[in-house]
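Encoded as structure tokens, the structure appears first; notes follow it.
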Amino acid sequence: LIGVDRQFDGKGLGSALLQLIHERADEEGQPSWTWTVGVQNLPFYQCNGYRIVTEGVEPTSNIRFWTFRRDPLK
């Protein structure tokens with residue numbers, strides 16, 4: 001689990017953290033997966049190479065969510 005405090009949003013820290021994960025996943029030929037409940041996060045993940053796999057609503061809480069996958073670079 002990784003995250004960046006909102007006061008540091010837009011400074012490239014989240015992308016830098018993901019880059020470390022992506023490097024290892026690419027070396028191992030493994031996909032990366034993540035999820036969010038914040039619609040404002042969709043462009044961030046898409047700009048970092050993720051595609052939406054699932055969009056849904058958790059039935060008990062009515063919270064909207066998205067899951068993403070990034071395939072390893074060859």
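The values are calculated or read from the model by the stated rules, or taken from the named source; none is laboratory data. Only a predicted model underlies this, so the values are computations on that prediction, with no experimental measurement involved. Note that each Cβ is placed from the backbone with ideal geometry, even for glycine, and that neighbours are counted across all protein chains shown. Keep in mind that these areas ignore ligands, DNA and RNA; they rest on the heavy atoms of the full protein, side chains included. Shrake-Rupley method; radii C 1.70, N 1.55, O 1.52, S 1.80 Å.
Quick look at the values:
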| read-out | value |
| --- | --- |
| Residues that are farther than 23 Å from Leu20 by Cα and either among the acidic types (Asp, Glu) or touching a helix residue (DSSP H, G or I) at 6+ places or on another chain (Cβ under 7 Å) (or both), drawn from region 33-63 | Glu55, Glu58 |
| Cβ-Cβ under 7 Å pairs, at least 6 apart or on other chains, region 17-42 side within 18 Å of Asp71 (Cβ to Cβ), far side in a helix (DSSP H, G or I) and of a type in the set (Ser, Thr, Tyr) | Thr34/Tyr45 |
| Those residues of region 1-38 which are surrounded by 11 or more Cβ atoms within 10 Å (Cβ to Cβ), part of a helix (DSSP H, G or I) and under 15 Å from the mean Cα position of the chain (by Cα), in sequence order | Leu13, Gly14, Ser15, Leu17, Leu18, Gln19, Ile21, His22, Glu23, Ala25 |
| Number of the exception - Thr60 against (1) of a type outside the set (Gly, Ala, Ser); (2) out of contact with any strand residue (DSSP E or B) (no Cβ under 9 Å at 6 or more places or on another chain); (3) part of a helix (DSSP H, G or I); (4) at pLDDT 95 or above | (3) |
| Residue within region 46-59 that is aliphatic (A, V, I, L, M) and touching a Leu at 6+ places or on another chain (Cβ under 8 Å) present | yes |
| Some residue of region 19-37 being in contact with a strand residue (DSSP E or B) (Cβ under 9 Å, 6 or more places away or on another chain) and small (Gly, Ala, Ser) | yes |
| Restricting region 54-70 to residues that are under 16 Å from the mean Cα position of the chain (by Cα) and open to solvent by 70 Å² or more (accessible area, probe 1.4 Å), the residue that is nearest to Asp26 (Cα to Cα) | Glu55 |
